[in-house]
Amino acid sequence: MSWEIEFLKYIRENMTGPVLDKIMVFITSLGNAGIFWILLSIVLLIPKKTRRTGMFMAIALLIDVILCNGIIKPIVGRIRPYEVAEGIDLIIKKPTDSSFPSGHTAASFAAAVAILFSGRRLWGSLAIVLAALIAFSRLYLFVHYPTDVICGLILGILCAVAAYFIMKYNEKKMKFLQ
């Protein structure tokens, strides 16, 4: 854990500033409760042309919330880095749940990879860039350890893979997608 705190301190000492602080607070807010990704999946569910992508995202996000927030976080119960390191002032509201894995990262990568897997390469690539920025913002803001973010990324990808198989084997039964 000490290397992780040192890594976070390195970011804090070498990369932060007033303008970037505002940018990172905004970027991280996009991942709050997965709201950006949830709203995007709902919007994509409306037009028939994007309904498959919206369903893909919704399934990946549902799997993610069950695994990440419902099972893993309560079992692991890892305290957040700002609670361990001394003298850290947060510029966002203190998260109240446990640190491992990063829910922002997991939801972001679940949704972004689902978009990519749905065949929308440009949208998926842009979504992955946004997911990576959200993941980095969690480190920048000192609310997650690097391993929280790495495991959140892996969990998000696995949720999208699970959604892929669910879609593959049930798509013919989902008449509204056709």
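When Gly124 is tested against (1) modelled with pLDDT of 95 or more; (2) touching a Leu at 6+ places or on another chain (Cβ under 7 Å), exactly one condition is not met: (1).
Within region 126-145, is even one residue in a loop (DSSP other than H, G, I, E, B), among the polar types (S, T, N, Q), within 17 Å of the chain's Cα centre (by Cα) and crowded, with 21+ Cβ neighbours inside 10 Å? No - not one qualifying residue is present in region 126-145. Among the residues of region 42-56, those that are surrounded by fewer than 21 Cβ atoms within 10 Å (Cβ to Cβ), assigned to a helix (DSSP H, G or I) and not charged (D, E, K, R) comprise Ile42, Val43, Leu45, Thr50.
Being within 22 Å of Met57 (Cβ to Cβ) and not aliphatic (A, V, I, L, M) is the filter here, so list the residues in region 90-116 that pass it. Before the answer, list the steps.
Filtering region 90-116 down to residues within 22 Å of Met57 (Cβ to Cβ) leaves 101-116.
Passing the criteria: Pro101, Ser102, Gly103, His104, Thr105, Ser108, Phe109.
Here are some residues: Ile154, Ile134, Ile71, Ile115. Which one is modelled with pLDDT of 95 or more and in contact with a His (Cβ under 9 Å, 6 or more places away or on another chain)?
Details: Ile154 fails: in contact with a His (Cβ under 9 Å, 6 or more places away or on another chain); Ile71 fails: in contact with a His (Cβ under 9 Å, 6 or more places away or on another chain); Ile115 fails: in contact with a His (Cβ under 9 Å, 6 or more places away or on another chain).
Within the list Ile154, Ile134, Ile71, Ile115, the selection yields Ile134.
So for region 61-73 (the condition being closer than 16 Å to Arg12 by Cβ and out of contact with any helix residue (DSSP H, G or I) (no Cβ under 8 Å at 6 or more places or on another chain)), does at least one residue qualify?
Scanning region 61-73 turns up no residue that is closer than 16 Å to Arg12 by Cβ and out of contact with any helix residue (DSSP H, G or I) (no Cβ under 8 Å at 6 or more places or on another chain).
The values are calculated or read from the model by the stated rules, or taken from the named source; none is laboratory data. Predicted model, so just to flag it, every value in this text is computed and none were measured. Every residue, glycine as well, gets a Cβ built from its backbone with ideal geometry; the counts of neighbours run over all protein chains shown.
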